[in-house]
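Comments concern the structure below.
The values are calculated or read from the model by the stated rules, or taken from the named source; none is laboratory data. Here the structure is a predicted model, which is why all the values come from computation and not from measurement. We place every Cβ from the backbone using ideal geometry, glycine too, and count neighbours over all the protein chains shown.
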Amino acid sequence: MGTALELFTYAVSDRTQWRVVRITTPNGRTGLGEMSDSGPLPEAVAALDMLEDFIGTAVAEPLTEPDDVRRWADKALGLVPPTRWGRTVVGGVEQALCDLAARGHGMPVWRWLGGRARRRVPVYANINRFVGGREPGDVARAALEAVKNGHTAIKFAPFDVPAEGRPLAEVGLARLTALREAVGEGISLMVDCHERLPLEEVGRILPALRDLNVCWLEDATDIEDVEGLSWLRRSAGDMILAGGEFAHDARQIHPAVTAGVIDVVMPDVKHAGGITRAAAMLAAVPDVRVAPHNPTGPVGTAAGAHLFLACPSAISLEVATGEVPWRPSTVRPAEWVEDAHLTVPEGPGLGISLDFSRTSARLVWSTTPLESQ
């Protein structure tokens, strides 16, 4: 039997669907990768169709070293549409190839990448995708649940959902105020703008954000907007400025880093086109702090954790909370977050296997395995 490639979806909520790719080699070894947030499903499947033969070639060679996988991903990007969604599909497949390659060496991905040994990774809670409404009371309850589960830092995107007839900035500040009042001053409050407000509007509400003791401001403007970031850097005081979740090339982040107008770079292993590409991008800016972007499922979180351990300047990993209680048991060993730290599995590759038998899981696409001759 030849190489088999499968795409599974996991129905999580009205907002969230995890997409996981599995590669099975002719000798029965498997590799996993996550390509969630890769756009409309038909377009993601079309990109996988375009990559099918190239993936088979990668398994047949096989790819064994990080540079081999990175070069494969660089070439794969030329075979799919030059869009964020295309890069995310490549990113999911690349994670699976990293998983396979590191397993072949009998070592975890972080060690295969030359990273440092740490069993636990510091994390912060992203509550953007919690199940429920977006009234201030809803946000407060989601934040309290994260604190109850041991998180000491919480990120929320208060401007994502508008309220009819009210200015978006006002709506967002009301949500943040309720969140801060609920969790108290001892919890770090991080704000993700998602570029929903004009930069001048962000500047207008900076005093209110400071009054709420917001310590982190993310994606107030694009990381390539050096002029806008420079203005924001002068206005934001000691607030941490973060961004770069969709960056896939060092040239996109280098100007802001060298200008000193971005404090934390946030590559996403999916959107960067894979773990090795994200690592290479960060190697070009070694002096900036790193916090991998990761509002995704357990497979993407495992991949982000291995990137974290391979990056000397990494400070924290994002984890999504408040979606479904069964999330940890989707993988084996179960995803374990305690005292604001994620335990990294010790096994080879990503160190996890996935439960495909859950009722929330559905096989939506696969290749037809070739019969061995």
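Couple of notes before you dig in:
- Top-ranked residue of the range 24-40 - restricted to ones that are among the polar types (S, T, N, Q) and over 17 Å from residue 299 (Cα atoms), ranked as nearest to the chain's Cα centre (by Cα): 25
- Residue tally, condition without any contact (Cβ under 8 Å) to a residue 12 or more places away in the chain and assigned to a loop (DSSP other than H, G, I, E, B), over the range 141-162: 1
- For the range 217-266, a residue qualifies if it is touching a residue at least 40 places away in the same chain (Cβ under 8 Å) and aromatic (Phe, Trp, Tyr), and exactly one does: 246.
- Each residue in the range 8-34 was checked for being surrounded by 20 or more Cβ atoms within 10 Å (Cβ to Cβ) and either in the same structural domain as residue 296 (by TED's automatic domain parsing) or charged (D, E, K, R) (or both), and 3 of them qualify.
- Sole residue being within 24 Å of residue 289 (Cβ to Cβ), hydrophobic (A, V, I, L, M, F, W, C), touching an Asp or Glu at 6+ places or on another chain (Cβ under 6 Å) and at pLDDT 95 or above, chosen from 220, 169, 157: 157
- Any hit, the range 117-140, residues being among the hydroxyl-bearing types (Ser, Thr, Tyr), over 29 Å from residue 21 (Cα atoms) and either part of a helix (DSSP H, G or I) or out of contact with any helix residue (DSSP H, G or I) (no Cβ under 8 Å at 6 or more places or on another chain) (or both): no
- Any chance residue 346 is among the charged types (D, E, K, R), in contact (Cβ under 8 Å) with a residue 40 or more places away in the chain and under 18 Å from residue 306 (Cα atoms): yes
- Boolean, residue 37 is touching a Lys or Arg at 6+ places or on another chain (Cβ under 9 Å) and either among the charged types (D, E, K, R) or assigned by TED's automatic domain parsing to the domain that holds residue 320 (or both): yes
- Checked across the range 91-108, the condition of being more than 30 Å from residue 46 (Cα to Cα) and part of a helix (DSSP H, G or I) holds for at least one residue.
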